[in-house]
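So that we are looking at the same thing, I have put the structure below in structure tokens.
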Amino acid sequence: MGAVLFSRADVERAVSPAEAYEAVRAAFVAHARGEWTMQPKLYVTNYPAGDFRAMPALGGGHALLKWVTSFPGNPARGLPTVSGLVVLSDAETGMLEAVLDAGAVTALRTGAAAALAATTLGRDGPVAVVGCGVNGAAAARTFAALGRPISVWDVDAGRASAVAEELGAAVAASREEALAADVVVTVTPGREILFPPGSLRAGQHVSLMGADGPGKAEIAVEEIARAHVFCDEWEKSDTKGTVRVFVDEWEQASHGGELAAAVEAGDIGRADVTELGRVLADEAEGRRSPEEITLFDSTGLAIQDLAIAVAALGRADELQLQTLDV
């Protein structure tokens with residue numbers, strides 16, 4: 001049997017946002033328990049143009065390699081920022097099972113991770129999504145599938161309006177209004193600080209999805225560094241305004257995510273940070289009070305891509321897709 005070919009549209013037909021949410025949740029738990037494994041992503045850089053990333057994973061009887069790009073200047077050329085392929089193989093035989101569009105897989109798992117962190121660590125209520133590109137729109141769709149009220153904002157007002165119209169969501173009056181929400185998801189290129197020092201509010205949750213590589217940041221180092229004070233002062237604190245930091249995976253986040261600059265400066269360390277998978281696996285505590293601030297630093301994990309690819313493969317026969325003889 002040949003390998004199944006999934007175009008962007010095929011991936012979207014195969015896996016709904018709600019299904020992606022559940023698949024990524026299961027992947028986080030499997031990784032936390034050591035059942036699914038991966039190595040930190042390898043960057044092949046060609047800055048300032050962009051970078052290439054190689055991401056392997058193993059789990060559930062399958063092996064995966066994702067070869068994906070991030071070229072921020074591409075939209076001005078009429079090209080997507082993210083492109084590439086996801087290759088899925090049988091872990092027992094090594095035979096190729098599927099080849100999937102990486103952009104679609106990335107959007108689904110990014111949206112799922114953003115919503116998963118927010119629903120696990122944030123308070124109930126409306127969600128503001130800042131950034132309505134491909135991945136931001138995917139995050140908004142995931143929240144909509146979960147029945148959460150949404151507002152959106154983007155530097156491109158037309159893009160925000162299109163997502164809002166599709167989902168029956170509101171458009172925030174300003175970026176400041178969106179960033180002041182109790183639950184915020186930021187999905188921007190990571191070239192501008194959205195949360196300067198002292199800007200986080202008590203009880204707020206922020207899923208930081210944009211800074212997925214060296215040099216990118218959506219939040220000031222000083223706000224992340226507040227988590228170190230929290231760890232030292234927890235027993236004496238009333239938790240109001242204290243910050244707790246959660247990541248998708250420590251090794252990757254500490255070198256290529258929001259945390260990288262704070263770790264390099266010695267402002268935060270491994271003991272100050274909790275991996276989301278451990279919370280989902282009931283091995284670590286999530287939010288401890290309504291007043292504390294929770295941050296989630298997402299760098300994007302290969303095990304998330306594996307979860308989406310396996311879910312898509314399960315629909316291959318039903319969708320009657322093309323195959324590639326190899």
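The values are calculated or read from the model by the stated rules, or taken from the named source; none is laboratory data. Treat the numbers as computed from the prediction; the structure is a model and nothing was measured. Using ideal geometry, Cβ is built from the backbone for each residue, glycine included, and neighbour counts are taken over all protein chains shown.
If you go through segment 193-227 one residue at a time, how many are at pLDDT 90 or above, under 21 Å from the mean Cα position of the chain (by Cα) and charged (D, E, K, R)?
Count: 2.
Of everything in segment 294-326, what is over 12 Å from the mean Cα position of the chain (by Cα) and either at positive phi or assigned to a loop (DSSP other than H, G, I, E, B) (or both)? Give them in sequence order.
Gly314, Arg315, Gln320, Leu321, Gln322, Asp325, Val326 - these are the residues of segment 294-326 that are over 12 Å from the mean Cα position of the chain (by Cα) and either at positive phi or assigned to a loop (DSSP other than H, G, I, E, B) (or both).
Yes or no: Leu280 at pLDDT 95 or above and more than 25 Å from Val82 (Cβ to Cβ)?
Answer is yes for this residue.
Let me ask something else. Output the residues belonging to segment 14-50 that are surrounded by fewer than 19 Cβ atoms within 10 Å (Cβ to Cβ), closer than 18 Å to Gly215 by Cα and not hydroxyl-bearing (Ser, Thr, Tyr).
Listed by number, the residues that qualify are Pro40, Leu42, Val44, Asn46, Pro48, Ala49, Gly50.
Another question, if that's okay. Please state which one of Phe52, Phe71, Phe6, Phe28 is at negative phi, modelled with pLDDT of 95 or more and out of contact with any Leu (no Cβ under 6 Å at 6 or more places or on another chain).
Matching residue, one of Phe52, Phe71, Phe6, Phe28: Phe52.
Here's the yes/no breakdown for (1) outside any loop (DSSP other than H, G, I, E, B); (2) surrounded by 24 or more Cβ atoms within 10 Å (Cβ to Cβ):
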| residue | (1), (2) |
| --- | --- |
| Ala115 | yes, yes |
| Arg123 | no, no |
| Asn135 | yes, yes |
| Val152 | yes, yes |
| Glu166 | yes, no |
| Ala173 | no, no |
| Ala202 | no, no |
| Gly210 | no, yes |
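Going residue by residue through segment 80-87, is there one that turns out to be assigned to a strand (DSSP E or B), in contact (Cβ under 8 Å) with a residue 40 or more places away in the chain and outside the structural domain of Asp156 (by TED's automatic domain parsing)?
Checked segment 80-87: at least one residue is assigned to a strand (DSSP E or B), in contact (Cβ under 8 Å) with a residue 40 or more places away in the chain and outside the structural domain of Asp156 (by TED's automatic domain parsing).
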